[in-house]
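Chemist: Please find one structure pasted underneath; my questions will follow.
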Amino acid sequence: MKIIKLVLAIMFISSAVSAGAQVAEKKSLTLEGANTVIAGAMAEAKRLNAPGGVIAVVDDGGNLMALERIDGTFAAGANISIGKAKTAALFKKPTKFFEDVIKNGRTSMVALQDFTPLQGGVPIIVEGEIVGAVGVSGAASAQQDEELAIAGAGALMNGSSEETSTAPVTYFDNGEVRAAFAKGMPLTEVAGYKVHASRRTEPGVAEVHTRDTDIVYVLEGSATLVTGGTAVQGKTTAPGEIRGKEISGGESREIKPGDVVIIPAGVPHWFKDVKGPVLYYVVKVS
């Protein structure tokens, strides 16, 4: 009888060890965590004075956990924000990635089921694991939708560790970078910073960014850049953005490959003469 009991005990332990090797522990987003994400996005909406927005939080299976709607947001915003969050969770990527893929020609992706390839959905990552996603719709722009979503996800991610961050790393291969420079377009625009692959072949208008500091790094070509002074016939074209015909006064300097120029927020600047094409990175820091 003792031998039988010993054999059964060994079989039980072996079974438990085998089962443990096939089952992994995983982190789960709680309702408290979902509400933290909502609060983070709402705080950013208030800071940016967003005109509206619906924030939706889903778990890693795309199931709705929490939703908040700013007064005055259009009625369809709720369904769209849920769709963005669900797409980011199930496909494990920000929805802007898919919007860009479709924009670049892979239109067949729109045939996927339960798929909302619109900027404004981002995964929520804790200690390297995707535990859910947040989607925002109805803010001032698609870019602001994403900014609010990132702020919401960051509220939970930043609270998970005081010393390290699990925010996703953004990577662009050289093909994407070349394509961006060919058209002169942003590489990424998120809360806190933007990176533009800029291309200029002729003089531009005077610009003033009241919220962003521009860090310019010249790769190719040369131009005369005027900074300071006053924007002539300056008009507000968007929140925090002023455009003018030219600059009166200011300091002129020739910029060339390898040069770096830091233009603080609120300082007028103008590409007066361009010996192009001029290719340059602009990092905008809010």
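Chemist: So, in region 218-256, exactly how many residues are of a type in the set (S, T, Y), in contact (Cβ under 8 Å) with a residue 40 or more places away in the chain and surrounded by fewer than 14 Cβ atoms within 10 Å (Cβ to Cβ)?
Modeler: 0
Chemist: Something else: Are there any pairs with C-beta distances below 8 angstrom linking a residue in region 161-179 that is farther than 19 Å from F98 by Cα and β-branched (V, I, T) to a residue that is surrounded by 13 or more Cβ atoms within 10 Å (Cβ to Cβ) and modelled with pLDDT of 60 or more, with the two at least 6 apart or on different chains, and if so which?
Modeler: Note: pairs meeting the criteria are T166/I125; T166/V126; T166/M157.
Chemist: Sticking with this one: If I ask for residues that are surrounded by 16 or more Cβ atoms within 10 Å (Cβ to Cβ) and not β-branched (V, I, T), which ones from region 260-271 would you list?
Modeler: P268, H269, W270, F271
Chemist: Same structure again: When you check V169 against the structure, is it part of a strand (DSSP E or B), closer than 22 Å to V136 by Cα and not assigned by TED's automatic domain parsing to the domain that holds E127, yes or no?
Modeler: no
Chemist: Which residue pairs have Cβ atoms under 8 Å apart, sit 6 or more places apart or on different chains, and have a first residue in region 39-68 that is hydrophobic (A, V, I, L, M, F, W, C) and a second that is at pLDDT below 90?
Modeler: These pairs meet every condition: A39/A155; A41/A155; A43/A155.
Chemist: Hey, among the residues in region 82-114 that are assigned to a helix (DSSP H, G or I) and charged (D, E, K, R), which one's surrounded by the most Cβ atoms within 10 Å (Cβ to Cβ)?
Modeler: The selected residue is K84.
Chemist: Right, L279: over 25 Å from K96 (Cβ atoms) and at pLDDT 95 or above or not?
Modeler: Against the criterion (over 25 Å from K96 (Cβ atoms) and at pLDDT 95 or above), L279 does not qualify.
Chemist: Within region 115-144, work out how many residues are crowded, with 18+ Cβ neighbours inside 10 Å and within 10 Å of T87 (Cα to Cα).
Modeler: Looking only at that region, the number is 9.
Chemist: Same structure again: Scan region 169-212 for residues that are surrounded by 15 or more Cβ atoms within 10 Å (Cβ to Cβ) and touching a Gly at 6+ places or on another chain (Cβ under 9 Å) and jot them down.
Modeler: Correct list: A191, H196, A197, S198, R199, R200, V205, A206, E207, V208, H209, D212.
Chemist: Here's something else I'd like to know. If a residue must be of a type in the set (A, V, I, L, M, F, W, C) and either assigned to a loop (DSSP other than H, G, I, E, B) or without any contact (Cβ under 8 Å) to a residue 24 or more places away in the chain (or both), how many such residues does region 259-275 contain?
Modeler: 2
Chemist: While we're on this one: Since Y280 meets every condition but one in (1) part of a strand (DSSP E or B); (2) more than 17 Å from H196 (Cα to Cα), which condition does it not meet?
Modeler: (2)
Chemist: Kindly evaluate A50 against the criterion of being under 17 Å from the mean Cα position of the chain (by Cα) and over 17 Å from V131 (Cα atoms).
Modeler: Against the criterion (under 17 Å from the mean Cα position of the chain (by Cα) and over 17 Å from V131 (Cα atoms)), A50 qualifies.
Chemist: Looking only at region 129-159, filter to residues that are assigned to a strand (DSSP E or B) and β-branched (V, I, T); which one of those is farthest from the chain's Cα centre (by Cα)?
Modeler: Applying the filter and picking the extreme gives V131.
The values are calculated or read from the model by the stated rules, or taken from the named source; none is laboratory data. Note that the structure is a prediction, hence the values are computed from the model and not measured. Cβ coordinates were reconstructed from backbone atoms using ideal geometry, including for glycine residues, and neighbour counts include every protein chain displayed.
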